[in-house]
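The structure appears right after this line, and notes come after that.
We did not get these values from a lab; they are worked out from the coordinates using the rules stated. In this text, all values refer to a predicted model and were calculated from it rather than measured experimentally. A quick note on method: Cβ atoms are made from the backbone with ideal geometry, for glycine too, and the neighbour counts reach across all protein chains shown.
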Amino acid sequence: METITPTNSGMGNMTLNDQANNLSQNSPNNNNNPGQQGNNNNPNAAGGGRLEPSNSGPGRDRGNNNRGSSREGSRQPRQAGRGQNAGGGRLDSQGNFSNFAGRLDGHLSRSFGNHLGIPEPPPVTLSETQETLGNIVTLTGAQPALIYVSFVQADLPESSAESQLARDRLDISLVTSSGQVFHHRVDVSQEEVLNVAKRLRATITNARNPRGYLAPAQQMYQWLIAPLEADLKENNINNLVFILDAGLRSIPLAALHDGEQFVVENYSVGLMPSLALTDTRYVDLKNLSVLAMGASTFKTLNPLPAVPQELSLIANRLWQGRILLNEDFTLNNLQTSRTQTPYGILHFATHAEFKKGALKNSYIQLGDTQLTLDRLRSLNLNNPPVELLVLSACQTALGDPEAELGFAGLAVLAGVKTALGSLWYVSDSGTLGLMTTFYEELKDAPIKAEALRQAQVSMLRGEVRFEGGQLVTPHGTFPLSPELGEVENTELRHPYYWSAFTMVGSPW
């Protein structure tokens, strides 16, 4: 495995304000940069576009209006950030965060807003971010941190062959509840990172290749997490919330590997579009009911024979709720049910697909029609509020910037706090195993991402499996329904089965 070390290339001798301006002017998504790597034809779709300077700075203090540190936790959609110290280190002043990290978060908010058709939210300051993370610590006992990963153009000597290519370097920042911002520059190009990410996605989706994913999974760990290991340990962090640049949002983060363990064996993991766009107010899910909906047969799509049992286990045995299956799974019934009962959890066990291009190209398949994503916000899922939206059988055009924006922005687009979806279509039986275990863990887990972590760890350790015509989980044994037919004895250890599932929006 290649050893990656942070370097002082680029901004080491600059002031922080200079560094912020350099990020704005030299962003790899700046179309005035002829040597940029990646998808630069559509900067908005790619999560790109220029980070424009701002006279007031994106981190200006808005006070505590709309803030709320009550039992419900933090606040409505906001923003987070990073500091800059090119050799690796910590920064903790309000101005540093405002000028550098806040600008990045605002840039990401604009990119998602442009694609999703939503207004840009006000920015947040470091003190607001600290308050948000501190509320989660107080209310849940979790120790979260935000991890910003982006590409910033490196300063290279004119004599260097690479200088003609304007190679971009990986930039990582960690923000903790103490208000500290740890920054690291990794000496690897955007092209190299995206190529390895592509290889990881290609190999991890092949369950017949038991270890083909391991090399790229370890390399991505070395680039994205290894530089932060000392900072994470020093701050007792156990919940990693990634805010990622274009091309990285469809990485199966839970499957990154340190050479001995998967990252999910030590940390719960989540994906945010930006902190500014995320509603992080904490609500305990334990007293909420679930509206479990799905379809097992379709006119033009492959059947999902495990869906009836998935819904029955969730709504009848593991949680309290109602089921809408097949012909009852209609838009009208969904809206009527929510009018009658304020379901805090919506579970969709059906085909859904995030495609490239406009939102209308992507869809969730209902029993009688396709609900395109451009209509999703019209469902007003924020009134009454939905704390968790689950799409158990969705897939994403892996590596496509526009599809990534749709997936990573799902919670924002739907108007819900958290969405759980899969990056690729997992086998019907494998999904049944993960979803059953997830809802079992959700009863006791302090945060949603921890429930997902526990389910994923149970799968990779062989504690969730099909054996003797039954689904076995750490908490119970469930006879399989006749609709599933003969299911071979199967373990679900391979990350193909569990690492696609990603917590999007607020992981808390």
Förster radius 25 Å - calculated FRET efficiency between D284 and N332, Cβ distance, rounded to 0.05: 0.20
Built amide H within the under 5 Å cut-off of Q143, gap 5+: N238, N239
Point-to-point label distance, S481-S178, nm (Cα→Cβ direction, 7 Å offset): 5.1
Rounded to 5, percent antiparallel among DSSP beta bridges of segment 219-322: 10
Label-point separation in nm, E120 to N316, each point 7 Å along Cα→Cβ: 5.1
Cα-Cα over 32 Å, subset of K299/K355; K198/K448; K360/K443; K198/K360; K233/K417; K198/K443: K360/K443; K198/K443
Sparsely packed GluC sites (Glu not before Pro) within segment 222-295, loop by DSSP, other Cβ within 10 Å at most 13: E260
Rough spin-label spacing in nm, given labels placed 7 Å along Cα→Cβ, for T341 and N206: 4.6
Within segment 228-310, trypsin sites (Lys or Arg not before Pro) in DSSP loop having at most 12 other beta-carbon neighbours inside 10 Å: K286, K299
Extension gain (nm, one decimal) between A215 and S378, 0.36 nm per residue minus Cα-Cα: 54.3 nm
Linear extension gain, V137 paired with E265, 0.36 nm per residue minus alpha-carbon span: 44.1 nm
Dimensions in Å of segment 290-505 - Rg and Dmax from alpha carbons: 16.1, 46
Segment T300-K360, extension gain: residue separation times 0.36 nm, minus the distance between their alpha carbons: 19.7 nm
